[in-house]
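Worksheet: the structure to be examined is printed underneath.
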Amino acid sequence: MQVRLEQVTKTFAGSKNTQATAVKELDVTIASGKLVGLLGPSGCGKSTTLFMIAGIHDVSEGHIYFGDHDVTALPSDKRGVGIVFQNYALYPHLTVWDNIAFPLLNAKEMKKRLKQRFAELSPPMANFKAYIQRLVEEAAKLVELTAYLDRKPAELSGGQQQRVAIARAIVKNPSILLLDEPLSNLDARLRVQTRDEIKRIQKQTGITTVFVTHDQDEALSICDEVIILKDGVLQQQGPPQEVYDHPANQFVAEFLGSPQINLVGGSIKANKLYLGNEEWFALPESLSDQPVNIGVRYENIRPDRENRKQAFEATVTSIARTGGTSTVQVRLADGQPMRLHRDSDDVLQEGDRVRLYARPRTVYIFNAEGEKILQC
Amino acid sequence: MLKKKAARQARYDRSAYLYLLPALVLLAVFLLYPILNTFLTSFKNEYRFLTGEFAGFGLQNYADIFKDATFGRAIINTLFIAFVCIPASMVAALTISLLLNAIERWQGFYMTLFYLPQVTNVIAAGLVFAFMFNSNFGLVNTVLGWVGIDPVAWIKGEGIAASPKLYYEAYARCLFILFVYTVWQGISLKIILFMGGLQNINKQYYLAAKVDGTSSWRIIRKITLPLLSPTTVYVFITSVITAFKAYAQVISLFGSHYGPPGDDSKMMITLVGYMMDAMGDYLTPGSISKASAAAMILVLLVMLVTIVQFKLTKKRVHYN
Ligand SMILES: Nc1ncnc2c1ncn2[C@@H]1O[C@H](COP(=O)(O)OP(=O)(O)O)[C@@H](O)[C@H]1O
Ligand SMILES: [Mg+2]
């Protein structure tokens, strides 16, 4: 189901009549059946947004639509969302089976819906209990936990607990699945494994999924689309590669990518871009003279072997080799540092003077306010 | 390697015991010794407290107290307090705590209100209670008067010895007052403990349940109560101990003769009251040892109830 947020604002009443705006005039559309990452640094309003979609938090202003249906005033249990909390919130006294079955055995509403689905089953099943049993087992199978149904959460690893939480969220066949930092409690190796697992489950079920994370790498690697927030304000939305290659502003450019993008001070004078004090290249558009920040990713900087006009000079100050690639730090003519990636068998030496080069379309020019003013 | 490690561990252990020594000595002197001594004394026949003489070990003291009608009353009253007041006050405290936990405004105010009995003196509050049940100008009779009920002679024992009917009616009234007071007195601590337990439950369980459309009643039954169970067990055990030690409230409500004015059967005496009386009578040979025997019975009862409780709830208590 498509989820649309229209001018959604959330303010929390703080102590002594202060107000804190956690989310501000958010306008986003989450396409049906997609895995969408809600990305931003800690405290930027991701969980708040998720909780508003779930109906746990009221919306201060604006509207939320599921499909064509305005759900802004709908209580959370009527929205048909499944949610996985950051710390899973598995009931510690219940077995995995009971945890997964919990939402099914809940309210009258749920029972009614289930009974209806049960009645429409083809081929029909003999009894309702067996149907519940089957739903729980199907969910457990989807997350590959069939062997653990009798265990208590404390007897499972972090990754397994995570999958129980996912099973509990999808067992009631939600139209939207919400995941709040589902991987943040896992160790690094498990995190990569589990995120692929989430991708698989999402593809297999086709449930529209919102995946909250502060880890850009996570979001970029599994999401169909990412939504980037900063201080409760939308920065950019788009497919990961698109957002990575065409960041809307300096914040997005800095936030995405690991290692962090090179940012070098420079200026525009007479429609020419200066890297530090050195003239770099002529701009294809006319822009007013101003100081700028120039962003170039590590992988887009290469040694110039063809004596291009658009190359600039630098001195190698250090080389850090890690496995197949090495990170080379250089100093520009005016002393500003810059880093680039090279193969480890590269012949560069510390103290070498090199000519470097980046294709203009990989160069982002930001003004003093952090807005992108040009990407050729 | 392993040997070395074991040796080091032993050294650590030794120094740990050394640090613990002062505490252990104090424990031995002030706890272990009195317990053992009481245990031994309870088996000394015709034990004289002042000289320490006794006529051999035996079960004489136990036989004596079990033949004593006052001891029978003490046991019955104590069990009454335990089996009526513990469930009543626990259910009341739990209900109040669940309600308090559900409200947001004024929570602190109500908690202070409910905590007040805890900081008032048991004796003083008991006197106030006794006064409330005064036949002539007590608050209870005044209120009953408003709804057209004749004044009740709540705490009255004159002329009851002759008629069992009158005796048991007076007894029932006194028990009622004792129960009300005991529950009132014990409820605050239980509320505080339950509130602590409730607030320790992660709020996300409730959020998850809410998104799943769980009804409030099911949330309480399936989430709150199981997760609160360690607190409940703790409250229960401390309640058992407090109930079996009941004494001060009886004294403050009914005076040192353990009954309404005019009664001389020690109608409302408790186990601890029985022990106190026996100890006060220390010049009589065998009196202190009878008190010791009563104390051992008390310990036995508390242990019994606690063990039964553990066996019954073992499966249903969830410890993290
Ligand atoms: N219940 C609340 N009451 C008051 N402020 C809150 C509440 N929940 C979140 N906030 C504030 O809203 C902002 C966004 O929080 P959150 O959505 O949890 O961030 P994120 O999940 O992106 O880390 C933070 O500044 C946080 O302090
Ligand atoms: Mg969060």
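Within 10 Å of the Cβ of each residue in A:97-104, the mean number of Cβ atoms contributed by other protein chains is 2. Treating the Cα atoms of the protein assembly as shown as identical point scatterers in vacuum, please give the log10 of the normalised Debye intensity I(q)/I(0) at q = 0.08 Å⁻¹, two decimals. Reported log10 I(q)/I(0), two decimals: -0.88.
Highest GNM mean-square fluctuation, chain B, Cα pairs closer than 10 Å: which of B:G262, B:G286, B:G273? It is B:G262. Say R0 is 25 Å: what FRET efficiency, to the nearest 0.05, do A:K78 and A:A119 get from their beta-carbon distance? It comes to 0.70. Mind jotting down the distance between the C-alpha centroids of region B:234-277 and region B:99-120, whole Å? For region B:99-120 versus region B:234-277, the Cα centre distance is 28 Å. Working note: Cα atoms of region A:260-375, range along each principal axis, descending, whole Å: 43, 27, 23. In this structure region A:27-110 gives 34 Å² per residue of accessible area when probed at 1.4 Å with all protein chains present. Which of the three applies to chain B, rounded, prolate or oblate, going by the alpha-carbon gyration tensor with a ≥ b ≥ c and a/c under 1.5 meaning rounded? Since a/c reaches 1.5 but b/c is at least a/b, the shape of chain B is classed as oblate. In summary, region A:1-80 shows an alpha-carbon radius of gyration equal to 1.10 times the 2.2 N^0.38 Å reference for compact globular proteins. The angle between the Cα long axis of helix A:128-142 and the longest principal axis of the Cα atoms of chain A comes to about 20 degrees, rounded to the nearest 10.
Using a 1.4 Å probe over the heavy atoms of the protein chains, calculate the carbon and sulfur portion of the accessible area of chain A as a whole percent. For chain A, the apolar C and S fraction of the accessible surface comes to 46 percent. Summary of the geometry: region B:136-152 and region A:1-62, compared by the centres of their Cα atoms, lie 60 Å apart.
B:I241 contributes an accessible area of around 70 Å² to the protein surface, as traced by a 1.4 Å probe with all chains present. In this Cβ point-charge picture (+1 for Lys and Arg, -1 for Asp and Glu), region A:3-253 has a dipole of about 1000 debye about its Cα centre. Seen against the Cα atoms of chain A and their longest principal axis, helix A:108-119 is set at about 80 degrees. Mean per-residue shielding of peptide A:82-93 is 5, counting Cβ atoms of other chains within 10 Å of each Cβ.
The packing ranking, built from the mean of other Cβ atoms within 10 Å per residue, places the peptides A:289-302, B:114-127, B:11-24 in the order A:289-302, B:114-127, B:11-24, highest first. Counts of other chain beta carbons within 10 angstrom of each beta carbon in peptide B:200-211 average 6. Note on region B:119-209: Cα Rg divided by 2.2 N^0.38 Å, N the number of residues, gives 1.62.
Calculated mean residue ellipticity at 222 nm for chain B: -22000 deg cm²/dmol, from DSSP H runs with n ≥ 4 weighted as -39500 (n - 2.57), summed, divided by the residue count and rounded to 500.
Taken as Cα centroids, region A:182-235 and region A:79-141 sit 25 Å apart, rounded to the nearest whole angstrom.
Exposure check, 1.4 Å probe, all protein chains in place: B:L26 carries approximately 100 Å² of accessible surface. Computed with a 1.4 angstrom probe on protein heavy atoms, the A-B interface buries about 1800 square angstrom of accessible area in total. Secondary-structure-derived ellipticity at 222 nm for chain A, considering helices only, amounts to -7000 deg cm²/dmol, per-run term -39500 (n - 2.57) for DSSP H runs with n ≥ 4.
Screening chain B for DSSP H helices whose Cα atoms reach 20 Å or more along their own axis and whose mean Kyte hydropathy is at least -0.5 gives B:2-27, B:86-102, B:164-199, B:225-244, B:287-313. Atom-type composition of the exposed protein surface of region B:110-190 places 72 percent of the accessible area on carbon and sulfur (1.4 angstrom probe).
Rounded to the nearest 10 degrees, the angle from helix A:158-170 to the longest Cα principal axis of chain A is 60 degrees. Whole-percent P(r), region A:150-296, all Cα pairs, 10 Å bins from 0: 10, 30, 27, 15, 11, 6, 1, 0.
The values are calculated or read from the model by the stated rules, or taken from the named source; none is laboratory data. Just so it is clear, the structure is predicted and the values come from calculations on it, not from any experiment. Cβ coordinates were reconstructed from backbone atoms using ideal geometry, including for glycine residues, and neighbour counts include every protein chain displayed. All accessible areas refer to the heavy atoms of the entire protein, side chains included, with ligands and DNA or RNA removed. Shrake-Rupley method; radii C 1.70, N 1.55, O 1.52, S 1.80 Å.
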